[in-house]
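Engineer: I'd like to ask you about the structure that follows.
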Amino acid sequence: MPGVWTLAEFRENTINSVSYELLAWGRSLADTLGVELSSIVLGYEIKDVETLFDHGADTVYKIDDKRIEHFLPDVYSNILCSLVKQYDPQIIIASATTYGRTIMPILSTKLNTGLTADCTKLEIGEDGTLLQTRPAIGGNVMATIRTQTKPQMATVRPRSKKPISYDKSQGKIIIPKIEDELFKSAYRWIKFEKDESTDLPIQEADVVIAGGRGMKDEKNFEMLYELAKKLNGVVGASRTAVDMGWIPYSHQVGLSGKTVSPHLYMALGISGAIQHIAGMSSSDIVIAVNTDPDAPIFNVADFGIIGDATEIIPELLKALGDKDE
């Protein structure tokens, strides 16, 4: 019987936590349909696959091979496409991380099916099809999308659901045989350089302190880093700040950057262009500081302060005091 698949992520020799979040999404869908929930994991020297059973999986498809030690989009998509054609899942979901955003469009093209990105809600309709809800028009409306072709595919925003504990006495691990032809790649791996500007990717942070043009100068971003440290958060930015060279692209929030869903998002000196709002509108609490009382960011803010961010942040830092006290 066709089931629900989630694409697990194996990074830095461990199963990434977004894999468990995906299983929480998938468990609800699989239970509604009365089908199995499977997790697909690709990599080399994969460890701890049993933890996927603890968080909702009935079955794990494990592809462990030295030739996919590094992420090669064409090889990964070739393997996944082959598995889909062999096992015929009804639904495939991935996280809207760099991995999911890269592999899912390629896979949907190969399978000639639809894909809905950055979903914040997934449920099964009365006819058994997947209803995929995501923000549209810069987060001003929520659109629900139904894909008629199979498999139905979607990516979901990281941190939009908490992992669950699942009482599964014993799950199945399936190790499919992959043809050598599928491992041929048009890419050549050179090296991986880790972003040293932050310890935690902004998509995975509980607190994001984001700055824009209103920060006035690159040196003023030091205040954002200090504030982020005090609040155990990370620094984000608008596209304008990135284009000006004030901060690396890996910190950019928005349609052309990263989509974030933290508990707290502070927009400091960010006017709130529709492209930026689309990348942070699902944050739990939004605090905005801007000199323009008509700035669009105030339309999505829970708390707004009309003022100069470069003057307000020092006062906030003073009020927070020494983090180590």
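The values are calculated or read from the model by the stated rules, or taken from the named source; none is laboratory data. This is a predicted model, so every value here is computed, not measured. Because the Cβ atoms are built from the backbone with ideal geometry, glycine has one as well, and the counts that use them run over all protein chains shown. For the accessible areas, the whole protein counts, side chains as well, though only heavy atoms, and no ligand, DNA or RNA atoms are used. Shrake-Rupley method; radii C 1.70, N 1.55, O 1.52, S 1.80 Å.
Engineer: From the list A288, A241, pick out the single residue that is part of a helix (DSSP H, G or I) and in contact with a strand residue (DSSP E or B) (Cβ under 8 Å, 6 or more places away or on another chain).
Structural biologist: On the way: A288 fails: part of a helix (DSSP H, G or I).
Testing whether each residue is part of a helix (DSSP H, G or I) and in contact with a strand residue (DSSP E or B) (Cβ under 8 Å, 6 or more places away or on another chain) leaves just A241.
Engineer: Considering region 283-297 alone, what residues qualify as being surrounded by fewer than 21 Cβ atoms within 10 Å (Cβ to Cβ) and in contact (Cβ under 8 Å) with a residue 24 or more places away in the chain?
Structural biologist: Filtering region 283-297 for residues surrounded by fewer than 21 Cβ atoms within 10 Å (Cβ to Cβ) gives 284-285, 287, 291-294, 296.
The answer is T291, P296.
Engineer: So which residues in region 198-213 are open to solvent by less than 60 Å² (accessible area, probe 1.4 Å) and either part of a loop (DSSP other than H, G, I, E, B) or in contact with a strand residue (DSSP E or B) (Cβ under 6 Å, 6 or more places away or on another chain) (or both)? Talk me through it step by step, then tell me what you get.
Structural biologist: Filtering region 198-213 down to residues open to solvent by less than 60 Å² (accessible area, probe 1.4 Å) leaves 198, 201-205, 207-212.
Within region 198-213, T198, P201, I202, Q203, A205, V207, V208, I209, A210, G211, G212 meet the criteria.
Engineer: If I filter region 39-60 down to residues being open to solvent by less than 20 Å² (accessible area, probe 1.4 Å) and of a type outside the set (A, V, I, L, M, F, W, C), which single residue comes out as nearest to Y166 (Cα to Cα)? Before the answer, list the steps.
Structural biologist: Restricting attention to region 39-60, the residues satisfying the condition of being open to solvent by less than 20 Å² (accessible area, probe 1.4 Å) are 39-43, 46, 49, 52-53, 56-60.
From what is left, the residues that are of a type outside the set (A, V, I, L, M, F, W, C) are 39, 43, 56, 58-59.
On the way: S39: 14, G43: 24, G56: 5, D58: 10, T59: 13 Å.
The residue in question is G56.
Engineer: Name every residue in region 4-37 that is part of a loop (DSSP other than H, G, I, E, B), of a type outside the set (S, T, Y) and within 22 Å of R101 (Cα to Cα), in order of residue number.
Structural biologist: Selection gives A8, E9, E12, N13, N16.
Engineer: Select from region 74-119 the residues that are open to solvent by less than 40 Å² (accessible area, probe 1.4 Å) and in a loop (DSSP other than H, G, I, E, B) and list them in ascending order.
Structural biologist: Residues satisfying the conditions are P89, Q90, A96, T97, T113, G114.
Engineer: Filter region 176-197 down to residues that are within 23 Å of the chain's Cα centre (by Cα) and open to solvent by 80 Å² or more (accessible area, probe 1.4 Å) and give me whichever is modelled with the lowest pLDDT.
Structural biologist: From region 176-197, those within 23 Å of the chain's Cα centre (by Cα) are 192-197; that's our starting set.
Filter once more, so that each one left must be open to solvent by 80 Å² or more (accessible area, probe 1.4 Å): 192-194, 196.
Working: F192: 83, E193: 80, K194: 75, E196: 72.
Only one residue tops the list, namely E196.
Engineer: Do the conditions hold for V208, that is, is it at pLDDT 95 or above and touching a Pro at 6+ places or on another chain (Cβ under 7 Å)?
Structural biologist: Working: at pLDDT 95 or above: yes; touching a Pro at 6+ places or on another chain (Cβ under 7 Å): yes.
Considered against the rule, which asks whether it is at pLDDT 95 or above and touching a Pro at 6+ places or on another chain (Cβ under 7 Å), V208 comes out as yes.
Engineer: With respect to the numbered conditions (1) out of contact with any helix residue (DSSP H, G or I) (no Cβ under 8 Å at 6 or more places or on another chain); (2) modelled with pLDDT under 95; (3) open to solvent by 10 Å² or more (accessible area, probe 1.4 Å); (4) under 25 Å from K162 (Cβ atoms), which one is the sole condition not fulfilled by V300?
Structural biologist: (1)
Engineer: Is it the case that I173 is open to solvent by 30 Å² or more (accessible area, probe 1.4 Å), assigned to a strand (DSSP E or B) and in contact with a strand residue (DSSP E or B) (Cβ under 9 Å, 6 or more places away or on another chain)? If you could, list the steps in order and put the result at the bottom.
Structural biologist: Values: open to solvent by 30 Å² or more (accessible area, probe 1.4 Å): yes; assigned to a strand (DSSP E or B): yes; in contact with a strand residue (DSSP E or B) (Cβ under 9 Å, 6 or more places away or on another chain): yes.
Considered against the rule, which asks whether it is open to solvent by 30 Å² or more (accessible area, probe 1.4 Å), assigned to a strand (DSSP E or B) and in contact with a strand residue (DSSP E or B) (Cβ under 9 Å, 6 or more places away or on another chain), I173 comes out as yes.
Engineer: Say whether the condition of being touching a residue at least 12 places away in the same chain (Cβ under 8 Å), in contact with a Pro (Cβ under 7 Å, 6 or more places away or on another chain) and either open to solvent by 20 Å² or more (accessible area, probe 1.4 Å) or not assigned by TED's automatic domain parsing to the domain that holds S77 (or both) is met by at least one residue in region 148-155.
Structural biologist: Step one: of region 148-155, the residues touching a residue at least 12 places away in the same chain (Cβ under 8 Å) are 148-155.
After this cut, where a residue has to be in contact with a Pro (Cβ under 7 Å, 6 or more places away or on another chain) as well, the list is 151.
Within this subset, residues satisfying the condition of being either open to solvent by 20 Å² or more (accessible area, probe 1.4 Å) or not assigned by TED's automatic domain parsing to the domain that holds S77 (or both) are none.
No - not one qualifying residue is present in region 148-155.
Engineer: Which numbered condition trips up E69, out of (1) out of contact with any Asp or Glu (no Cβ under 7 Å at 6 or more places or on another chain); (2) under 18 Å from N16 (Cβ atoms); (3) touching a residue at least 24 places away in the same chain (Cβ under 8 Å); (4) surrounded by 14 or more Cβ atoms within 10 Å (Cβ to Cβ)?
Structural biologist: All conditions pass for E69, except number (4).
Engineer: Could I ask something else about it? Give all pairs with beta carbons closer than 6 Å in which a residue from region 240-263 that is more than 10 Å from H276 (Cβ to Cβ) meets a residue that is in a helix (DSSP H, G or I) and hydroxyl-bearing (S, T, Y); count only pairs at least 6 apart in sequence or on separate chains.
Structural biologist: Sorted first by the residue in region 240-263, then by its partner, the pairs are V242/Y249.
Engineer: Among the residues of region 224-231, is any surrounded by 12 or more Cβ atoms within 10 Å (Cβ to Cβ), part of a loop (DSSP other than H, G, I, E, B) and at negative phi? Outline the logic, then answer.
Structural biologist: Step one: of region 224-231, the residues surrounded by 12 or more Cβ atoms within 10 Å (Cβ to Cβ) are 224-231.
If we keep only those that are part of a loop (DSSP other than H, G, I, E, B) as well, we get 231.
Restricting the remaining residues to those that are at negative phi gives 231.
Yes, the conditions are met somewhere in region 224-231.
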